[in-house]
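Presented below is the structure to which this report refers.
The values are calculated or read from the model by the stated rules, or taken from the named source; none is laboratory data. Just so you know, these numbers come straight off a predicted model, no measurement behind them. Please note: Cβ atoms are built from the backbone with ideal geometry, for glycine as well, and neighbour counts cover all protein chains shown.
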Amino acid sequence: MEHCMTTKLLPTTVVGSYPQPDWLVDRQMLSKGVARVRIDLWRIAEPWLEQAQDDATLLAIRDMERAGIDIITDGEVRRESYSNRFATALDGISSGKPGEVISRAGLSTAVPRVVGPIRRTQAVETRDMAFLRQNTERLAKITLPGPFTMSRQAINEYYKDDDEMVMDFAAAVNAEARDLEKAGADVIQLDEPWLRQDPPAAKRIAVKAIDRALEGLRATTVVHLCFGYAAVVKGEKPVGYSFLGELGACRVDQISIEAAQPKLDLGVLKDLAPKKIMLGVIDLADPQAETSVIVANRIRAALKFLPPDRLVPAPDFGMKYLPRELAFAKLKALADGAAAVRAELA
């Protein structure tokens, strides 16, 4: 399983996304919400779009390398959101009129409609991974939306049993993940921010689905959780943590959690033994770049609960929404802060 992470203590990484250039995307449209269906964010016309996305991907790769990040991604530059590129490419998802979901805040979001059996009939991200592999010698990671999250970001008009739909999403993710591994992925991450929204369903089906999605992989595997921002209530353990114990038992190698912006009670890390923890130590809501000293202190705080060989420092999620200069400065602070703590451990 974990074959590529042993070379260095406190290897730094990113959750996945990195800012897309203003010449590539309409950033105002991007800021309005997270796309579940295809929207047209792109400023470049179709005949030149792939070339433009390739060029912007190279910028993201080189920024991560220059900042000193150990395990890099392609910046998810070709995606309108973390999930819609993969989810909308599957058979069984209607390409016609989308469905509508009303959020708890009362906002309407267009979502895919499931109108037939979910199947992956074509590669979706394998060219993205091959391009990343050709253009870096560093450890390379790619992300996929998790099966549970995709099932919660769609309207089911086909399956009698929602859990059967989740498992079909999991099989589709697994087929893609196996091809991503062949294309050179050292690390494959599933983004599952919806796990905490519905802990009973997460307990019932999500771990089974995650295990199915990761079946047979030799690459290092990660599940990324989003604890949201209001999730951390002082003095009481939020219900969102109620499945962490089960997650500790699933087949994934690492669990990625944000800790900087929500000021997470790091005591929860004990619930996740024996997993490695990819821990957010860069607060993306802070409009200033952290100093390397601040980052080093956040890493040291985590080391009170975890041994250094189980900690992978990262930013919190959603770097794509930052100005590019700020994103780079934050990554540089991450790499420098980790290097400072690594030197103390040597």
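Details
- Selected residue (only one of Ala140, Ala170 is among the hydrophobic types (A, V, I, L, M, F, W, C), assigned to a strand (DSSP E or B) and in contact (Cβ under 8 Å) with a residue 40 or more places away in the chain): Ala140
- The combined condition, being surrounded by 21 or more Cβ atoms within 10 Å (Cβ to Cβ), in contact with a Gly (Cβ under 7 Å, 6 or more places away or on another chain) and over 27 Å from Met64 (Cβ atoms), is not fulfilled by Ile155.
- Condition met for Val312 (touching a helix residue (DSSP H, G or I) at 6+ places or on another chain (Cβ under 8 Å), aliphatic (A, V, I, L, M) and either crowded, with 19+ Cβ neighbours inside 10 Å or modelled with pLDDT of 95 or more (or both)): no
- Residue within region 14-29 that is touching a Phe, Trp or Tyr at 6+ places or on another chain (Cβ under 7 Å), hydroxyl-bearing (Ser, Thr, Tyr), in a loop (DSSP other than H, G, I, E, B) and within 27 Å of Phe169 (Cβ to Cβ) present: yes
- Members of region 270-290 that are at pLDDT below 80 and touching a Leu at 6+ places or on another chain (Cβ under 8 Å): Asp271
- In region 173-217, residue nearest to the chain's Cα centre (by Cα) [restricted to those that are assigned to a loop (DSSP other than H, G, I, E, B) and closer than 22 Å to Glu246 by Cα]: Glu192
Listed here are the residues, each with its yes/no results for (1) without any contact (Cβ under 8 Å) to a residue 60 or more places away in the chain; (2) out of contact with any His (no Cβ under 7 Å at 6 or more places or on another chain); (3) farther than 24 Å from Arg133 by Cα.
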| position | (1), (2), (3) |
| --- | --- |
| Val37 | no, yes, yes |
| Ile61 | no, yes, no |
| Asp70 | no, yes, no |
| Arg78 | yes, yes, no |
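- Scanning region 151-178 for residues that are modelled with pLDDT under 95 and basic (Lys, Arg) gives a single hit, Arg152.
- Within region 303-346, if we keep just the residues that are farther than 14 Å from Thr13 by Cβ and assigned to a loop (DSSP other than H, G, I, E, B), the residue that is farthest from the chain's Cα centre (by Cα) turns out to be Ala346.
- Any hit, region 227-250, residues being small (Gly, Ala, Ser), surrounded by 18 or more Cβ atoms within 10 Å (Cβ to Cβ), part of a loop (DSSP other than H, G, I, E, B) and at pLDDT 60 or above: no
- Close contacts from region 90-113, counting a first residue that is over 21 Å from Ala172 (Cα atoms) and a second that is among the acidic types (Asp, Glu), with Cβ to Cβ under 6 Å and a gap of 6+ residues or different chains, come to Ser108/Glu100.
- Of all residues in region 1-17, those satisfying the criterion of being within 18 Å of Pro308 (Cα to Cα), modelled with pLDDT under 95 and not basic (Lys, Arg) are Glu2, His3, Cys4, Met5, Thr6, Thr7.
- Whichever residue in region 64-84 is under 16 Å from Lys8 (Cα atoms) and in a loop (DSSP other than H, G, I, E, B) and, among such residues, is farthest from the chain's Cα centre (by Cα): Gly68
- Residue count for region 30-49, restricted to those that are modelled with pLDDT under 90, at negative phi and in a loop (DSSP other than H, G, I, E, B): 9
- Residues of region 264-292 classified as of a type outside the set (Gly, Ala, Ser), over 20 Å from Pro307 (Cα atoms) and surrounded by fewer than 22 Cβ atoms within 10 Å (Cβ to Cβ), total: 6
- Identity of the residue in region 93-134, touching a Ser or Thr at 6+ places or on another chain (Cβ under 8 Å) and in a loop (DSSP other than H, G, I, E, B), that ends up surrounded by the fewest Cβ atoms within 10 Å (Cβ to Cβ): Ser103
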